[in-house]
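Worksheet: the structure to be examined is printed underneath.
The values are calculated or read from the model by the stated rules, or taken from the named source; none is laboratory data. Since we're looking at a predicted model, the values are computed, not measured. Here the Cβ positions follow ideal geometry from the backbone for every residue, glycine too, while neighbour counts run over all protein chains shown.
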């Protein structure tokens with residue numbers, strides 16, 4: 001029954017998005033942006049689980065810097081940003097490449113150029129930060145062949161719709177499952193010296209590497225570090241943030257220097273830690289543009305820490 005309801009919800013979402021895309025041709029942008037803001041504020045009130053969990057996570061991470069009122073306001077802005085992201089996705093589907101390039105400035109292009117000059121491809125290290133939907137689109141608009149690694153939804157109709165839309169946006173899709181096939185597809189793209197967008201902030205459940213994050217503990221996935229070490233591809237942080245004026249800007253940072261001692265497990269662990277450090281720094285800069293639902297704190301086992309320690313004890317795992 002749960003799977004049936006999920007499929008029906010995804011079909012309804014897909015149909016709703018398709019209708020919304022048609023309406024973009026009729027109504028002005030200001031109408032959709034205002035509607036998204038109202039819907040987000042309503043969602044902040046109605047989405048009890050999102051609100052309470054996000055506030056709790058933000059309090060645990062930055063409660064020593066932000067008061068309760070500012071934490072709630074930050075979570076509200078985060079939801080507003082997400083709703084606006086979806087609207088901007090619709091705008092981009094109807095926009096020519098020249099318009100996308102003009103409306104979304106790019107900072108740090110030289111860092112991606114330097115990474116690709118090595119001939120082993122670039123892993124665009126991303127997160128659920130800013131308008132992450134359009135990172136691959138802006139890179140493709142700049143002339144970089146770009147693949148995006150995604151978790152395919154269980155409903156075939158919705159998944160195929162998303163694949164078609166990503167292709168219209170200049171993004172070629174690599175499905176995360178089955179994992180071996182996904183890894184082969186990523187390796188092939190990198191060997192062609194192309195760019196692959198990989199999200200690195202799936203701090204939920206499953207196996208991985210224990211790393212400190214905002215003074216607590218999360219289980220980080222090994223995938224980005226493992227892929228970089230096995231292929232020799234550069235690991236380049238790339239994210240699309242919203243400026244104070246509400247407009248977007250693509251930020252490309254210098255590649256993360258990787259540990260390459262030859263001890264694979266130790267190197268994966270160390271590089272996963274470096275990725276987590278990058279993410280903590282970036283989220284601290286844009287706390288209202290990150291999805292605070294995305295983190296699940298864990299209890300690190302005895303002896304898990306070598307080197308950098310959490311600022312205080314890790315919390316018990318959430319259930």
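Every residue, every condition in (1) modelled with pLDDT of 95 or more; (2) closer than 24 Å to residue 105 by Cα; (3) crowded, with 20+ Cβ neighbours inside 10 Å; (4) in contact with a helix residue (DSSP H, G or I) (Cβ under 8 Å, 6 or more places away or on another chain), yes or no:
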residue: 163; (1), (2), (3), (4): no, no, no, no
residue: 167; (1), (2), (3), (4): yes, yes, no, no
residue: 175; (1), (2), (3), (4): yes, no, no, yes
residue: 192; (1), (2), (3), (4): yes, no, no, no
residue: 197; (1), (2), (3), (4): yes, yes, yes, yes
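Does residue 230 satisfy being under 18 Å from the mean Cα position of the chain (by Cα) and surrounded by fewer than 22 Cβ atoms within 10 Å (Cβ to Cβ)? Judged against the criteria, residue 230 is not a match.
Cβ-Cβ contacts under 9 Å between residues 6 or more apart (or on different chains), taken from a first residue in the stretch 218-246 that is on the phi > 0 side of the Ramachandran plot and at pLDDT 95 or above to a second residue that is buried (at least 16 other Cβ atoms within 10 Å of the Cβ) and not in a loop (DSSP other than H, G, I, E, B), are listed as 232/190. Candidates 275, 251, 241, 256: the one that is in a loop (DSSP other than H, G, I, E, B) and either buried (at least 16 other Cβ atoms within 10 Å of the Cβ) or within 14 Å of the chain's Cα centre (by Cα) (or both) is 256. Of the residues making up the stretch 9-39, those that are modelled with pLDDT of 90 or more and either assigned to a helix (DSSP H, G or I) or under 14 Å from residue 84 (Cα atoms) (or both) number 11.
Of the residues 129, 89, 58, 112, which is under 21 Å from residue 167 (Cα atoms) and touching a residue at least 12 places away in the same chain (Cβ under 8 Å)?
89
Looking at the stretch 60-86, which of the residues that are in contact with a helix residue (DSSP H, G or I) (Cβ under 9 Å, 6 or more places away or on another chain) and more than 18 Å from residue 289 (Cβ to Cβ) is surrounded by the most Cβ atoms within 10 Å (Cβ to Cβ)? The extreme case among them is 63.
Residue-level check: of (1) assigned to a helix (DSSP H, G or I); (2) farther than 30 Å from residue 265 by Cα, residue 225 misses just (2). So is residue 60 part of a helix (DSSP H, G or I), in contact with a strand residue (DSSP E or B) (Cβ under 9 Å, 6 or more places away or on another chain) and modelled with pLDDT of 70 or more or not? The answer is yes for residue 60.
Among the residues of the stretch 199-218, what is the count of those that are in a strand (DSSP E or B) and surrounded by fewer than 23 Cβ atoms within 10 Å (Cβ to Cβ)?
So the first thing to find is which residues in the stretch 199-218 are in a strand (DSSP E or B), and the list is 199, 203, 209-213, 216-218.
From what is left, the residues that are surrounded by fewer than 23 Cβ atoms within 10 Å (Cβ to Cβ) are 199, 203, 209-210, 212, 216.
Summing the residues that are in a strand (DSSP E or B) and surrounded by fewer than 23 Cβ atoms within 10 Å (Cβ to Cβ) in the stretch 199-218 gives 6.
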